[in-house]
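Notes to accompany the following structure.
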Amino acid sequence: MTLEEKISLVVGVGMLDRRDNPKGRVSGAAGETVEIERLKIPAASFADGPAGLRIHHDREGDTGKYHTTAFPVETMLASSWNRTMLRKVGEAMGREAREYGVDFLLAPAVNIHRNPLCGRNFEYYSEDPLLTAEMAAPFIEGVQSQGVGACIKHFVANEQETNRMTVDTVVSERALREIYLRPFEIAIRKAKPWTLMSSYNKLYGSYTSQSRWLLTEILREEWGFEGFVMTDWFAGDDAAKQIEAGNDLIMPGKSFQNSPQRKSECEEIRLAIESGDLDLDTLDERVKAILRILVRTPAFSGCEYSNSPDLEANAAISYEAGCEGVVLLKNESALPLSAGAPFVVFGTGQIETVRGGTGSGETHPAYTVSLLEGMEERGLAVDKEVAEFYRRKIEELRSADYSISYGVWNEEIRPRLPEDLFDEAALDELSNRNEAALVVISRISGEGRDRRLEEGDYYLTEDELKLIAGVSKAFRKRGKRVIGILNIGSPIEVESWAGLFDGILLLWQPGQEAGRILADVISGSVNPSGKLPTTFPRTYADVPSRSFPGEPADNPSVVSYDEGIYVGYRYYETFRVKPVFEFGFGLSYTDFEYSDPEIILEGEEVIISLIIKNTGSTAGKEVFQVYVKAPKGKIDKPRLELRGFGKTDLLQPGEEEKLTVRLSKEELASFDGYRWIVEQGEYEFLIGASSRDVRSTGKVRLRKTGGDLRWQIERK
Ligand code: GLC
């Protein structure tokens, strides 16, 4: 390869489908690598995102349709706690990427839910690094089993959207290692993603995309990462430093062609080579890293692609994944609804259902089944008059003062609609002719902007509260049930109004099959089995990441993760701050009995097993969790940490299943600021239905004998 060819390969072709840039091979893809015809190196195509392949669903001068499947958002997928499900979703997305000619899917995102107000939390799995990793790894395997590459992102400590391209994250190395790097480390070791995307932000003053410590020392020398690293789009401020640090590919490329501030990336790299600031060997390393992966892509093998993936089959997977991710938060004889009993649905979200978030994580499906459509399609006894009223009202409002505009991502900007649309007399009449009432609360957020601590976002609006209070009063007066349906991407305040509901169903943002998922759960055809991957705090004041989104408040340049490792339940449980719904919590329509807990040692491993039995009258699945309380040694520890989990198959009433979790010493290690250490002492293993609902415990001592750390179970 000539120097020119090498330099051209480490920089993308530029933003596609823009006036001064080439047409992408796949319209709507996020980027491409350059084609080098002389060497028969084809261009490779990159497209988002975590909830489904994001490409244009129509193309200029082409009557064809290029719809893709909208899957549940990552937080909902993680609520399934079902590794097999994540693999299936990965396979489906991988198939769609391949069939549409995309070589790399820019997913999964494994940043942490450090604060509920992060605008992209819907695109991230959890507040816990292990659950995040255990969802990401099978997803990556699923995608790559289809012959296309996954891209684990955004590496690292990118837990907010405010000033995301410049903010400097300051975090202890312990918290960085145990919380923020951990999902990447586990998923890379387990699933070997072909690519990784470095993040926008700085870490300790250097852009992550220009940090040799992160991209070479940790990622490659410590973890053995064998793929290639790409920047996030337009990240960083020095292309030569990015190449030097270990960032192989600069995306989208050609970002500064006409910029007075900077030369083009290629120019910067060339000048650095000529001046000796950048070694040619280093550039060769980057080129080799890219080529080693490119040769695996469908583009390289010249694969024909159909442009017609099996969207029906993938829709079924999207529906199945959604059903596994619904979380039943409250149920006082409210759900499932009695068959055939008439019920009424309030809330504009029944029609303007939110399938996912905005930004690069959005999707372009052929349809989205709204909550109302799904309930009607399934033949549920929804109050027709009220349904018609909402249809007409929304149409009227959207054509007048509440018209829709379009944002930078061409996403719909929908002014919030009034919700308090029924007076007392109307509610009284409706509570007379219906047996139950549902109230839908919807929220949307997206890339580029964090959520707001205000009504209509983290808090309910006055309108929403008035509607809920009115419906609750009218229906409870007649002894009838009221159920809240949360169509949201990240926690909102619930404590102040949860008491007005007899049931609360967390539907998250379920993708295109939304209405069918809801209909089948409220009718009882599907028994909800999801559990929370993230805490619902009682009040925002309880949230430990008080520095979010950084200082100075009006225009943050630095964000300091002062809470350290005490993120989410690690904080709430250690400092006894009771949440309204805890990490790992979720109800079922049936009951499960946990029995026969056993802890045995097998060499270096601790094997925890138990039996879960369905003691209720409805088939269902149960997620159990294993937390560990480590001994207070040289360094402080959270009161408990998730160290394993599992999910039963669908258990019929009376059926039981034995489940096992195997733990090595290394999986119980803490980072002491310099290295991972496993401290001697007594480890308590907690088997729980959630982080606060512990069903059984067992203790094992780790003792240094003859220089080695050995497990010992002290017989009672
Ligand atoms: C965006 C996002 C990243 C996405 C990329 C390409 O800015 O941060 O997640 O994959 O650019 O669209």
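The values are calculated or read from the model by the stated rules, or taken from the named source; none is laboratory data. Note that the structure is predicted; figures quoted are calculated from it, not measured. Positions of Cβ are generated from backbone atoms using ideal geometry, with glycine treated the same way; all protein chains shown enter the neighbour counts.
Numbers at a glance
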quantity: Residue count for segment 315-341, restricted to those that are touching a helix residue (DSSP H, G or I) at 6+ places or on another chain (Cβ under 8 Å) and not hydrophobic (A, V, I, L, M, F, W, C); calculated: 8
quantity: Whichever residue in segment 671-697 is modelled with pLDDT of 95 or more and of a type in the set (G, A, S) and, among such residues, is farthest from E324 (Cα to Cα); calculated: S696
quantity: Residues (among the hydrophobic types (A, V, I, L, M, F, W, C), surrounded by fewer than 21 Cβ atoms within 10 Å (Cβ to Cβ) and under 16 Å from R692 (Cβ atoms)) located in segment 593-625; calculated: none
quantity: Matching option when the condition is outside the structural domain of L176 (by TED's automatic domain parsing), touching a helix residue (DSSP H, G or I) at 6+ places or on another chain (Cβ under 8 Å) and part of a strand (DSSP E or B), among V628, V661; calculated: V628
quantity: Set T353, T348: member being in the same structural domain as R391 (by TED's automatic domain parsing), more than 23 Å from the chain's Cα centre (by Cα) and touching a residue at least 24 places away in the same chain (Cβ under 8 Å); calculated: T348
quantity: Residue list for segment 260-315, restricted to those being under 30 Å from P365 (Cβ atoms), small (G, A, S) and touching a residue at least 40 places away in the same chain (Cβ under 8 Å); calculated: A299, G302, S306, S308, A313, A315
quantity: Subset tally (residues that are polar (S, T, N, Q) and in contact with a helix residue (DSSP H, G or I) (Cβ under 6 Å, 6 or more places away or on another chain)) for segment 283-314; calculated: 2
quantity: A436 being in the same structural domain as E388 (by TED's automatic domain parsing) and in contact with a strand residue (DSSP E or B) (Cβ under 6 Å, 6 or more places away or on another chain); calculated: yes
quantity: All positions within segment 380-396 that are more than 18 Å from D428 (Cα to Cα) and over 32 Å from the mean Cα position of the chain (by Cα); calculated: A381, E388, R392, K393, E395, E396
quantity: Subset of segment 170-197 (residues that are among the charged types (D, E, K, R) and within 27 Å of R292 (Cβ to Cβ)); calculated: R182, E185, R189, K190, K192
quantity: Qualifying residue in segment 190-211 (condition: under 17 Å from T231 (Cα atoms) and in contact with a His (Cβ under 6 Å, 6 or more places away or on another chain)); calculated: yes
quantity: Residue ID - surrounded by the most Cβ atoms within 10 Å (Cβ to Cβ), chosen from residues in segment 333-368 that are among the hydrophobic types (A, V, I, L, M, F, W, C) and within 21 Å of S490 (Cα to Cα); calculated: V354
quantity: Of all residues making up segment 238-264, the number that are surrounded by 15 or more Cβ atoms within 10 Å (Cβ to Cβ) and more than 22 Å from W194 (Cβ to Cβ); calculated: 10
quantity: Residue that is nearest to N158 (Cα to Cα), among those in segment 206-241 that are of a type in the set (V, I, T) and assigned to a helix (DSSP H, G or I); calculated: T208
quantity: Any chance A51 is surrounded by 17 or more Cβ atoms within 10 Å (Cβ to Cβ) and under 29 Å from L486 (Cα atoms); calculated: yes
quantity: When residues of segment 140-157 are limited to those that are within 16 Å of the ligand (Cβ to nearest atom) and free of Cβ contacts under 8 Å to residues at least 60 places away in the same chain, the one farthest from F184 (Cα to Cα); calculated: V143
quantity: Test: residue in segment 453-472 that is over 28 Å from E424 (Cα atoms) and modelled with pLDDT of 95 or more; calculated: yes
quantity: Criterion violated by I112 - all others in (1) surrounded by fewer than 24 Cβ atoms within 10 Å (Cβ to Cβ); (2) closer than 23 Å to G357 by Cβ satisfied; calculated: (1)
quantity: Matching option when the condition is more than 23 Å from F585 (Cβ to Cβ) and crowded, with 24+ Cβ neighbours inside 10 Å, among N121, N82, N158; calculated: N158
quantity: Selected residue [surrounded by fewer than 16 Cβ atoms within 10 Å (Cβ to Cβ) and in a helix (DSSP H, G or I)] from E464, E373, E388; calculated: E388
quantity: Top-ranked residue in segment 27-41 [being modelled with pLDDT of 95 or more and crowded, with 21+ Cβ neighbours inside 10 Å; ranked as nearest to the ligand (Cβ to nearest atom)]; calculated: A30
quantity: Near pairs, Cβ below 8 angstrom, 6+ apart or cross-chain, from segment 667-681 (under 14 Å from L130 (Cβ atoms)) to any residue that is assigned to a strand (DSSP E or B) and of a type in the set (V, I, T); calculated: L668/V628; A669/I677; S670/I677
quantity: Single match in Y367, Y402 (criterion: under 14 Å from Q512 (Cα atoms), of a type in the set (F, W, Y), part of a loop (DSSP other than H, G, I, E, B) and more than 16 Å from the ligand (Cβ to nearest atom)); calculated: Y367
quantity: Selection from segment 162-193 of residues that are more than 14 Å from the ligand (Cβ to nearest atom), assigned to a loop (DSSP other than H, G, I, E, B) and buried (at least 23 other Cβ atoms within 10 Å of the Cβ); calculated: V171
quantity: Which listed residue, of W223, W233, W213, is farther than 21 Å from I273 by Cβ, in contact with a Pro (Cβ under 7 Å, 6 or more places away or on another chain) and not acidic (D, E); calculated: W233
quantity: Checking S126 against (1) under 29 Å from D450 (Cα atoms); (2) of a type in the set (G, A, S); (3) away from the ligand (no atom under 16 Å from the Cβ); (4) not in a loop (DSSP other than H, G, I, E, B), the condition it does not meet; calculated: (4)
quantity: K192 vs. criteria basic (K, R) and more than 28 Å from S545 (Cβ to Cβ); calculated: yes
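Residue by residue, here is whether (1) more than 16 Å from the ligand (Cβ to nearest atom); (2) hydroxyl-bearing (S, T, Y); (3) over 28 Å from the mean Cα position of the chain (by Cα); (4) outside the structural domain of E185 (by TED's automatic domain parsing) holds:
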residue	(1), (2), (3), (4)
Q210	yes, no, no, no
I218	yes, no, no, no
V229	no, no, no, no
F234	no, no, no, no
D238	yes, no, yes, no
S255	no, yes, yes, no
I273	yes, no, yes, no
G276	yes, no, yes, no
E285	yes, no, yes, no
